[in-house]
Amino acid sequence: MSVRVRLVSFEAWNITRFMFVTGKQREIAGASELITHLDRRWVRESLREVFGQGYGPGWRIEERPAELLESGAGTAKVLVRGKDEARRLVTAVTGRALRQAPGLDVCGVVGGEFEWERPGGLHRALDECAEELAGVRTALPGPDARFLRLPVVDSCRATGLPAAQVLGLPDGPVEARSAESVAKWRAYGRRGEGEGLARMAELAGTRPRALAEVVEHLNDRAEWVGTVYADGNGLGRVFGSFERCVEGESNRAYAEEFRAFSAGLQECTREAFGCAVAELEGLGAALKGGIVPVLPLVLGGDDMVALCAGEWALPFAEAYLRAFERLTAVRETVAGPLGRLEQAETGAAGPSVGAGLSACAGVAVVKPHFPFVDAQRLAYALLREAKQVKEKVPGPCSGLSFHVLYDSTQAGLGRLRDPCTLAGTPAGAGAGEGTTRLVAQPYVVGDRGAGVAWVRGRRWADLLDRVAALTARVADGERLLPSSQVHALREALFAGPRVADAQFAVLRGRYGGRGLERVGGDAESLFWREEPGGRWVCGLLDAMDVVGFVPPARDEAAAVGGGADAAPAEERA
């Protein structure tokens, strides 16, 4: 007998608003836990409600009325026999979300019916549900429309929604809080004993009480806090052509490959996070008690969102990207399908060796009481900027963009980057019009991109080398390149590239041989051309911004052979 099946797809889509609408680290941690309830609890509980307590993860649609195809990162996909059962499942899941996580928008759609025995049906159903979800998301009223203000009630200090009850906070007075805020506090637990912190502590490889110390540090004691957004590259292309990743044409082969690939990708994300935390620990990033100041918020699929002590946010993001590339290249459930897709696209005779994924990251480093919703938006915009590497470098290549927000009046990336794009070119560029960009971001992480002109000067190692040149000191602690002179050079940048190069020439005459040439570009200029006929760019601003936010370099006094006596007389004075 032919089995007729429908795909039911769920998605929590306003994750960033739900998580970052508050400035309290504890509520952010609680929101992170509630988001995972969709794939960890609500779908499974609803399956048992609709199909009986006998439901288990081993159910397969050929013999059973439902099958959990994939879950993670605030999404879930279920195969169901019967339209009524599919609708009841959507009602059960979204009802749980409304009751247990008010303010979190969870959408569910029921796809069209298809014959399970006919090849290609599951792939088409996944595409159709993805399109339908986009329409449902835009039509669904937001939290402000669902929480009415009649009768008149007080507003929640954290979310701005109508207050639902009075809540006693462990770090402050009794406050009126919305149902959304109360749910986050309950998920976190009054003293960090909630399920959310236990889950995040397991991801971070530590104990809940220890991770509670990280939350307290980021909330109350950290001088800077980094918001890190990371996202895999090319997953849209992979899932859009996933039928070419599968060995066999049946829907069962597709389902098993899809499930294994999704699970393997989530494992790589979590392991890459663990590797990055371990690398920070090796760099000496631990707080008192040996706790690394990183708080995982989202670890699912190819997505990673974390909060980190600001001084370690950039090393953490760079280490995560390297680990993600490495792990996806060796995990067979991920690399195998990617290799088959590459083979199908290129027509290669044999399977691809070491086929993996790359990722990009955006890092926004802000003061601890800066609005987190704005820090999140900046980090996400930086992530989108980092995605340029996909267009510039063939093959998988990871990229990283960042900003340290010293001036909180301009938090939008466009307003931060516009002053760094100037009309005009350096003196050595010759006649003609052009533009110069005073930042070189995004930076390429890893070894990909050899021979690509755009990559020159944009490797992560290039940035670290510039920072090392700016911070190098002689034996008595004096800087080889005086800070006052470097800041004067920075000011000259905004007067135009020709003025900056003139100042650079003066400094070369006084501080030649002290590493100043390492911050420059082409032909004794501060700038280099990113591509033939392209813009001129400069790496000095990037390096100056991250001094103190990357691991300290080794003492390079011996490399320049200088001491205090080598400095000009006015600097010694």
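The values are calculated or read from the model by the stated rules, or taken from the named source; none is laboratory data. Owing to the predicted nature of the structure, the values given are computational and were not obtained by experimental measurement. Cβ coordinates were reconstructed from backbone atoms using ideal geometry, including for glycine residues, and neighbour counts include every protein chain displayed.
Tabulated data
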| item | result |
| --- | --- |
| Qualifying positions in the range 230-263 - of a type in the set (Lys, Arg) and either surrounded by 19 or more Cβ atoms within 10 Å (Cβ to Cβ) or closer than 13 Å to GLY120 by Cα (or both) | ARG244, ARG252 |
| Selected residue [out of contact with any Lys or Arg (no Cβ under 8 Å at 6 or more places or on another chain) and buried (at least 22 other Cβ atoms within 10 Å of the Cβ)] from VAL298, VAL330, VAL292 | VAL292 |
| Those residues of the range 389-420 which are part of a helix (DSSP H, G or I) and touching a helix residue (DSSP H, G or I) at 6+ places or on another chain (Cβ under 9 Å), in sequence order | VAL389, LYS392, LEU413, GLY414, LEU416, ARG417, CYS420 |
| Breaking point among (1) over 26 Å from the mean Cα position of the chain (by Cα); (2) assigned to a loop (DSSP other than H, G, I, E, B), for ARG48 | (2) |
| Lone qualifier among ARG26, ARG96 - being under 26 Å from PRO371 (Cβ atoms), touching a residue at least 40 places away in the same chain (Cβ under 8 Å) and either surrounded by 22 or more Cβ atoms within 10 Å (Cβ to Cβ) or not assigned by TED's automatic domain parsing to the domain that holds LEU299 (or both) | ARG26 |
| Breaking point among (1) buried (at least 22 other Cβ atoms within 10 Å of the Cβ); (2) touching a residue at least 60 places away in the same chain (Cβ under 8 Å), for VAL43 | (2) |
| All helices (runs of 4 or more DSSP H) inside the range 76-160 with 3 or more residues being at pLDDT 85 or above, of a type outside the set (A, V, I, L, M) and under 29 Å from the mean Cα position of the chain (by Cα) | 83-100, 121-139 |
| Flag for GLY457 being surrounded by 14 or more Cβ atoms within 10 Å (Cβ to Cβ), in contact with a Phe, Trp or Tyr (Cβ under 9 Å, 6 or more places away or on another chain), of a type in the set (Gly, Ala, Ser) and at pLDDT 90 or above | yes |
| All helices (runs of 4 or more DSSP H) inside the range 203-321 with 1 or more residues being under 30 Å from LYS77 (Cβ atoms) and small (Gly, Ala, Ser) | 235-240, 251-282 |
